[in-house]
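The values are calculated or read from the model by the stated rules, or taken from the named source; none is laboratory data. What you are looking at is a predicted structure, and each value in this text was computed from that prediction instead of being measured. Note: ideal-geometry Cβ built from the backbone for every residue, glycine included; neighbour counts use all protein chains shown. All accessible areas refer to the heavy atoms of the entire protein, side chains included, with ligands and DNA or RNA removed. Shrake-Rupley method; radii C 1.70, N 1.55, O 1.52, S 1.80 Å.
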Amino acid sequence: MNKVGGEKILSIWWFFVLALVSAGVVGGVFLFYSFDLDVREVESGIMVNRVYDCIGSNGFLREDVFLDGFDIYEYCDINKELFYKNGSEVYLEVEVFDLGELVFSNYSRNNDLKKSYDISSEVEFKDPPKGFLGSEVFLYREDGEIKNMDVKVVFVSDQKGESLHFT
Amino acid sequence: MKIFFSKKGSSDILAPVVIFIILNLLFFALLGYFVFRQSSSASLYEEMYAKKIALLVDNSRCNTEIVFDILKLKEVAEKNNRDMLSVFDFDESNGEISVKLSSRGGYSYRSFSSCGLELELVENNLVLKIGEGKDE
């Protein structure tokens, strides 16, 4: 085999290897950094804990929950508008059961989000909303009697954040 | 490496080998620089810090102050010639926390707390002053 020809073939081959390596690294880096930091599940857990923290005190359910006109958003310092506006990206559901009987409930507007979240555990689809389902037992004092109340809190989030572009 | 060896004098042999090594080193250095640039890009830090702040606020009770280390963010802002005073923004009407590290854009994420929020820069820290909210 001609030596000069062999050198040429090898240098072309070497450039091909370099191009392949750089394409792999560049592609990998872009792919890695283009992924969103998904915090929706963590966010849902935080919000569920926020609700439990404000409606309970030392393991007891606060009596205020059963007052007329009780607003869980105001009581827990949660921005209600974000849950009731058109195309809301979040859903909050609070249910209180006394021996299996529903005694308090509050559902925010975007029920479709909750349905998508429920379905996502059975059917696989692209980028479903993430959520957190909490279930806790609180004590409640009524007429001198202490009883158990089951409190179910569900928070579903589809908030992905927004990139801002200035012109 | 056999290709660079010929039957000519030793000085003729050495030159192409050195050039070959230098070019290779240059190539991998450029590749490394590219990876480093990408890993410290503004958009990544904008998203990371906007989400961190929003989650911190959601996870806090009203009337709370949180001191938050932003040294790394400051370095990125300086690299982009961005004044630190214009990096953070909070829109009280929709709870949107924005982080803008370059003049091209930024990133915003919503907090669900209605307590209110004030942001204050103290040296390398960001102080999150979460408002009073409802009357206790």
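What is the gain in length, in nm to one decimal, between B:Ile19 and B:Leu85 on full extension, counting 0.36 nm per residue of separation less the C-alpha to C-alpha distance?
Working: separation 66, 0.36 × 66 = 23.76 nm, distance 4.86 nm.
Difference between extended and current length: 18.9 nm.
Name the chymotrypsin sites (Phe, Trp or Tyr not before Pro) in the stretch A:6-112 that are in a loop by DSSP and that have at most 16 other C-beta atoms within 10 Å, would you? Could the numbers behind the result be given before it?
On the way: sites: A:Trp13, A:Trp14, A:Phe15, A:Phe16, A:Phe30, A:Phe32, A:Tyr33, A:Phe35, A:Tyr52, A:Phe60, A:Phe66, A:Phe70, A:Tyr73, A:Tyr75, A:Phe83, A:Tyr84, A:Tyr91, A:Phe97, A:Phe104, A:Tyr107; in loops: A:Phe35, A:Phe70.
Those that pass, being in a loop and sparsely packed, are A:Phe35, A:Phe70.
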Specify the angular offset, from 0 to 90 degrees and rounded to the nearest 10, of the alpha carbon long axis of helix A:111-120 from the longest principal axis of the alpha carbons in chain A.
-> 60
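To check you understand DSSP bridge types, tell me what percent of the beta bridges within chain A (both residues inside) are antiparallel, rounded to 5. Display every interim value, and only then the final one.
Numbers: 30 of 31 bridges.
Among the beta bridges of chain A, antiparallel pairing accounts for roughly 95 percent.
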Output the antiparallel fraction of DSSP beta bridges having both residues in chain B, as a percent to the nearest 5.
-> 100
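Enter the mean number of other protein chain beta carbons within 10 Å of the beta carbon of each residue in B:25-31, as an integer. Write down the numbers at each step before the final one.
On the way: counts 0, 0, 3, 4, 0, 1, 7.
Averaged over the peptide's residues, the number is 2.
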Among the GluC sites (Glu not before Pro) in the stretch A:82-137, which ones are in a DSSP loop with at most 12 other Cβ atoms within 10 Å of the Cβ? Mind listing them?
-> A:Glu122, A:Glu124
Return the single residue from A:Ile72, A:Ile146, A:Ile46 with maximal mean-square fluctuation; model: Gaussian network over chain A, springs between Cα atoms under 10 Å.
-> A:Ile146
Nearest 10, in degrees from 0 to 90: the angle of helix A:3-34 to the longest Cα principal axis of chain A is 10
Counting only residues 5 or more apart in sequence or on a different chain, those whose built amide H sits under 5 Å from that of B:Ser113 are A:Asn79
Can you list the residues, at least 5 places off or on another chain, whose amide H is less than 5 Å from the amide H of B:Leu126, using H built in the peptide plane?
-> B:Phe68, B:Asp69, B:Ile70
Return a whole-number percent for the relative contact order of chain A, with Cα pairs under 8 Å and 6 or more residues apart as the contact set.
-> 25
Taking the alpha-carbon centroid of each part, what is the distance from the stretch B:55-118 to the stretch A:107-158 in angstrom?
-> 29
Restricting attention to the stretch A:57-144, which trypsin sites (Lys or Arg not before Pro) occupy a DSSP loop and are surrounded by at most 14 other Cβ atoms within 10 Å?
-> A:Lys85, A:Lys126
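Which helices, taking whole DSSP H runs in chain B, have alpha carbons extending 20 angstrom or more along the helix axis plus mean Kyte-Doolittle at least 1.6?
On the way: long enough: B:10-39 (44 Å, 1.68); B:42-58 (24 Å, 0.34).
Span-like helices here: B:10-39.
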List the pair-distance distribution P(r) of the stretch A:40-157, using every Cα-Cα distance, as the percent of pairs falling in each 5 Å bin from 0 up to the bin containing the longest distance, rounded to whole percents.
-> 2, 11, 21, 23, 18, 13, 7, 4, 1, 0, 0
Would you mind computing, in nm to one decimal, how far apart the modelled labels at B:Glu123 and B:Gln38 are, each placed 7 Å from Cα along Cα→Cβ?
-> 3.6
In vacuo Debye sum over C-alpha of the protein assembly as shown, base-10 log of normalised intensity I(q)/I(0) at q = 0.14, 0.17 Å⁻¹, listed in q order, is -1.09, -1.37
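What is chain B's relative contact order, in percent, from Cα pairs under 8 angstrom and six or more apart in sequence? Walk me through the numbers on the way to the answer.
Numbers: 171 pairs, mean separation 33.7, N = 136.
25 percent.
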Taking H placed 1.01 Å from N in the peptide plane, check which residues at least 5 places from A:Val103 or on another chain put their amide H under 5 Å from its amide H.
-> A:Val96, A:Phe97, A:Asp98
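Working with all protein chains in place, sort A:Met47, B:Met84 by solvent-accessible area computed with a 1.4 Å probe, largest first. Spell out each step's value before the answer.
Values: A:Met47 0, B:Met84 25 Å².
Final ranking, largest accessible area leading: B:Met84, A:Met47.
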